[in-house]
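Structure, as structure tokens:
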Amino acid sequence: MNKYMSEAGVCSRREADRLAEAGRVQVDGRTAGPGTQVGEGQIVTLDGKPVQRAEKDHTVLLAVNKPRGIVCSEVSQGGDTNIIEYLNYPERITYAGRLDRDSEGLLLMTNRGELINRMMRASHFHEKEYEVVTDRPFNDRFLRDMAAGVYLKELDVTTRPCRTERLGRRKFRIVLTQGLNRQIRRMCRELGFHVQELKRVRIMNIRLNHLKTGAWRHVTEEELAELLWRLDREEQEILQEPEKEDA
């Protein structure tokens, strides 16, 4: 069931499981659970509306400049507007990689669930680039510590080494290859700083560039071709890695 909904571009597999646990997904009229199997010809519905997988030759991929205050969610968030409601795109699409409510910048939206899954696999070390403004000036030691990896007590994990670059007294660029929950904000807080502004400007080869806040564009054929080429190459490299012998 979750694979079916992911391939339909409705949501990620994890979100599909959450929707099922909330009783909002049905298969042939029966309430589905996270492990429900979907066979050929069966009808899947979300909140009573049919879910259909996109045609394999039809790919929608949008680059969106998400404004602050918009929530990355498939469901209503009380008084907040979610990204699906905000875009009101005529086809069913969902996001590839969240941005929290107080962050802005590049968000990719697509109707291809398998593309989302491929892009979000942390093991592939896909790059995401951000510009960050802190609450006060920082020194070069701060940038070195961020780049080396920061132990996050709340998550009991040390972040992967990354690249950082100073852009101003309180502004820096950071390139991550993982996507822990509120990672940059947590990293800065561990080092005694607070994030005032956070904008994502690149995901892999796709850049925000001069797209205005709140606007969106279709990713070009060239961008999509390069994105798919990178994904294919990285997946082949992982398959070719030698297996580790047991100790």
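The values are calculated or read from the model by the stated rules, or taken from the named source; none is laboratory data. Here the structure is a predicted model, which means the values were calculated and not measured. Cβ: placed from backbone, ideal geometry, glycine included. Neighbour counts: every protein chain shown. Surface accessibility is based on the protein's heavy atoms, side chains included, excluding ligands, DNA and RNA. Shrake-Rupley method; radii C 1.70, N 1.55, O 1.52, S 1.80 Å.
Before moving on, here are some points about what is shown:
- Three-way shape call for region 67-111 based on the alpha-carbon gyration tensor, with the a/c threshold at 1.5: oblate
- Overall form of region 10-90 per C-alpha gyration tensor (a/c, 1.5; a/b vs b/c): oblate
- The residues of region 36-157 expose, per residue, 51 Å² of accessible area to a 1.4 Å probe.
- Segment Asp232..Arg163, full-extension length gain: 22.4 nm, with 0.36 nm per residue of separation and the alpha-carbon distance subtracted.
- Taking the helices alone, the chain has a mean residue ellipticity at 222 nm of -7500 deg cm²/dmol, built from -39,500 (n - 2.57) per DSSP H run of at least 4 residues and averaged over all its residues.
- Remark: the Cα gyration tensor places region 123-247 in the oblate category, a/c being 1.5 or greater and a/b not exceeding b/c.
- Extension gain, Leu191 back to Tyr89 (0.36 nm per residue minus Cα-Cα distance, nm): 32.7 nm
- Calculated FRET efficiency, Gln42 to Asn82, Cβ-Cβ distance, R0 = 41 Å: about 0.90 to the nearest 0.05.
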